[in-house]
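What follows is a short report on a single structure.
The values are calculated or read from the model by the stated rules, or taken from the named source; none is laboratory data. Keep in mind the model is a prediction, meaning the values are calculated, not measured. Glycine gets a Cβ as well: all are built from the backbone with ideal geometry, and neighbour counts include every protein chain shown. The protein model used for the area step is the full one, side chains on, heavy atoms only, and it has no ligands, DNA or RNA in it. Shrake-Rupley method; radii C 1.70, N 1.55, O 1.52, S 1.80 Å.
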Amino acid sequence: MDAMTFVLFGSTGDLAKRKLFPALYNLFLEQKLPQAFSVINLGRKPLSDEEFQAYVEQSLHTFSRRKPEDRSQVEPFLRNFRYLDMDVTKPEGYRELLKRIEEREKELNIPENRMFYLSVAPEFFDVIALNIKESGLGSGRGWKRLIIEKPFGHDLPSARKLNAKLNQAFEEDEIYRIDHYLGKPMVQNLETLIPANPVLKALWSNQYIANIQITASETVGVEERAGYYEGAGAIRDMFQNHMLQLLMMTAMHLPTPVTEQNVRKQKSSLLKSLRPICKTEAARHVVRGQYGAGEIHGQAVPAYRDEPGVDAASMTDTFIAARLWIDEFFWKDVPIYIRTGKRMKEKSTRIVLEFKDRLKEQNADADRMPNLLTIQINPDEKITLQLNGRNPLKNGRMEPVTLDFSVPSDQMPEAYELLLFDALKGDATFFAHWEEVELAWKWVQPLVEAFEENLLPLHVYPAGSFGPAMADALLEEQGFHWWHDE
Ligand code: NAD
């Protein structure tokens, strides 16, 4: 791996301490970082390098999956960290930053490879990219890469505008748009699960699959993020990015060979085949919800509208369910149901493929269940296959039998570890390409407008439930129901 300088904007923020420092530390322990590297951290607080290193150490004790046992273990890692306070909106700071980076590059005798990670609010993305260009930070004699966090735009026009600005400073192949769902080991596993298993590959089409269900449900509410969430809602926060990425990963035709370019081409092609839902039709295929008061794990929790920072008459969606169709040969007539929400009964991200059962009518077994392939992404990572078997201990009664493959979660690398490692290697397979982002926005834009114009009812669901009952009706129209964990 190339020696490099990792420049972290927003290093005193929440994401850095919870995810980025632990990810870098675990990569360091696994010797997956270059021999020589620096992490130059930027924030607004005035801190010395030593103070900042102590702050990073503390974050590792709290958030890393492997805790540092003693100072000697963590010191060789922290030694690479430097801190600089600067206002990212002011060009002067970038000159000082360039000086610091060049000094470190000389000291370590490493090439001018620079990774810029923007862990800051999205309104800073364009100004930082522009300043990187104008200050000369981006014209070193090595590679330069930009990693940006979501959200990528607020709607189609703003995403296009942002992309055009980023392109003034970075080429598309230098931009790594993080969608951390693509870093989850089970999501990455989809890339090999099907081609490596002819038994699944043979069944991966409308001949055998009855429907696909993709769920990402959370038990938490809006927490301290009302300022952002009020303007975003579930449609922008989850649906446009994570949920559509999960759909692409599940339903794309895996290209051979599986290369970055081929995967991207297939994902875009899938999005192009998604049947558009126009604004006036949205209410037939999409359910929008907002949580009311209720109970989570036996504890009373307030309604969304009573959360701090939320407008008492807020129409923001905290839940969305949608029925989608892919207009192409393989997936013709296979409905895809997607739902995501806050304050739901269970915390779970999973993809369920329900198989057709053509012999069911001819067979009197009332207890017979459909075969289900479940890819569980969160909180545990596992794959299960539900079959039917007779239980001799229960008078030969038919029962679902579940084959289960799971890996202990404490051994699983975190999404950010896998993604940072890929970005450092220059592999963008599991990052969102602009074409995908733009196509996803294009598809979602009529829904965003339908929400804004209140063309759909806002169903209030009790916290701790599976969401509005209307979300069940979406499936009942085709004779299906949601598969829950229980
Ligand atoms: P945060 O508010 O906790 O941190 C923001 C950082 O930006 C701080 O270090 C702050 O000092 C810095 N900053 C703000 N204004 C600045 C200025 N003018 N000059 C210099 N520095 C400035 O935010 P966060 O939660 O860490 O999120 C960072 C990014 O990651 C955002 O784009 C967010 O949408 C995204 N994100 C965060 C999470 C998460 O789990 N926290 C998850 C997904 C995406």
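In this Cβ point-charge picture (+1 for Lys and Arg, -1 for Asp and Glu), the stretch 33-117 has a dipole of about 280 debye about its Cα centre.
For the stretch 1-123, the convex hull spanned by the alpha carbon atoms encloses 105 Å³ per residue. The Cα-based radius of gyration of the stretch 394-453, divided by its Kirkwood radius, gives an Rg/Rh of 1.28. Normalised by 2.2 N^0.38 Å, with N the number of residues, the alpha-carbon radius of gyration of the stretch 305-391 equals 1.55. When a 1.4 Å probe is rolled over the protein heavy atoms, the share of accessible surface on the chain that falls to carbon and sulfur comes to 51 percent. Of the trypsin sites (Lys or Arg not before Pro) found in the stretch 232-280, none is in coil by DSSP with at most 16 other Cβ atoms within 10 Å of its Cβ.
Let me spell out the model: positive unit charges on the Cβ of Lys and Arg, negative unit charges on the Cβ of Asp and Glu, origin at the Cα centre of the chain. What dipole size does that give, in debye rounded to 20?
Numbers: 59 positive and 71 negative charges, 144 e Å.
Roughly 700 debye, rounded to the nearest 20.
Between E69 and S158, the FRET efficiency estimated from the beta carbon spacing at R0 = 41 angstrom works out to 0.30.
Candidate cross-link partners of K347 among the lysines, defined by an alpha-carbon separation under 21 Å and a same-chain spacing of 8 or more, comprise K19, K184, K382.
Dividing the convex hull volume of the alpha carbon atoms of the chain by its residue count gives 168 Å³ per residue. Sites listed here are GluC sites (Glu not before Pro) in the stretch 309-388 whose DSSP assignment is loop and whose Cβ has at most 13 other Cβ atoms within 10 Å: E361. Taking the Cα centre of the stretch 1-135 as the origin and placing charges on Cβ (Lys, Arg +1; Asp, Glu -1), which of P22, G93, M1 is farthest toward the positive end of the dipole? After comparing all options, I get P22. Placing +1 on the Cβ of every Lys and Arg and -1 on the Cβ of every Asp and Glu, with nothing else charged, gives the stretch 167-300 a dipole about its Cα centre of roughly 680 debye. Across the alpha-carbon atoms of the stretch 243-306, the computed radius of gyration and Dmax are 19.0, 52 angstrom. Of all beta bridges that DSSP places with both ends in the chain, some 55 percent have antiparallel geometry. Over all projection directions, the Cα-based convex hull of the stretch 187-338 averages an area of 11.4 nm². Based on DSSP H segments of at least four residues, each scored -39500 (n - 2.57), the chain has a per-residue ellipticity at 222 nm of -9500 deg cm²/dmol.
Write down the accessible area per residue of the stretch 266-363 in Å², having rolled a 1.4 Å probe over the full set of protein chains. Kindly include the intermediate steps, with their values, before the conclusion.
Working: 4390 Å² over 98 residues.
Roughly 45 Å² per residue, with all protein chains present.
The residue list Y176, L200, Q188 was ranked by how far each Cα lies along the charge dipole of the stretch 168-232 toward its positive end, using unit charges on Cβ atoms, and L200 comes out on top.
Within the shell defined by Cβ-Cβ distances under 10 Å, the residues around E399 carry a net charge of +3, with Lys and Arg each +1 and Asp and Glu each -1.
With N denoting the number of residues in the stretch 70-197, provide Rg(C-alpha) divided by 2.2 N^0.38 Å, to two decimal places.
Values: Rg = 17.7 Å, N = 128, 2.2 N^0.38 = 13.9 Å.
It is 1.28.
Express in % the proportion of alpha carbon pairs of the stretch 373-486 at distances exceeding 19 Å.
Numbers: 4795 of 6441 pairs.
When every Cα pair of the stretch 373-486 is considered, 74 percent fall beyond 19 Å.
For the stretch 1-64, report the translational diffusion coefficient in µm²/s to the nearest whole number, using Stokes-Einstein at 4 °C, 1.567 mPa s, and a Kirkwood Rh over Cα pairs. D = 106 µm²/s.
Evaluated on the stretch 22-94, the Kirkwood hydrodynamic radius is 13.2 Å, with distances taken between all distinct Cα atoms.
The local environment of S217, defined by Cβ-Cβ distances under 11 Å, has a net charge of +3 under the rule Lys, Arg +1 and Asp, Glu -1. Classified by the C-alpha gyration tensor, the stretch 60-114 has an oblate form. Its axis ratio a/c, with a ≥ b ≥ c, is 1.5 or above, and a/b does not exceed b/c.
Distances over 15 Å make up what percent of all Cα-Cα pairs in the stretch 135-176? Value for the stretch 135-176: 47 percent of Cα pairs lie more than 15 Å apart. The length gained by stretching the chain between D357 and K382 to full extension, at 0.36 nm per residue less their Cα-Cα distance, is 6.6 nm.
Calculated accessible area for the stretch 126-248 comes out at 37 Å² per residue, all protein chains present (probe 1.4 Å; ligands, DNA, RNA ignored). Stokes-Einstein, applied to the Kirkwood radius of the stretch 140-270 over Cα pairs at a viscosity of 0.890 mPa s and 25 °C, places its translational diffusion at 142 µm² s⁻¹. According to the Cα-based calculation, Rg over Rh for the stretch 428-478 is 1.13, with Rh computed by the Kirkwood formula. In a DSSP loop and with at most 10 other Cβ atoms within 10 Å, the GluC sites (Glu not before Pro) in the stretch 1-105 are E69.
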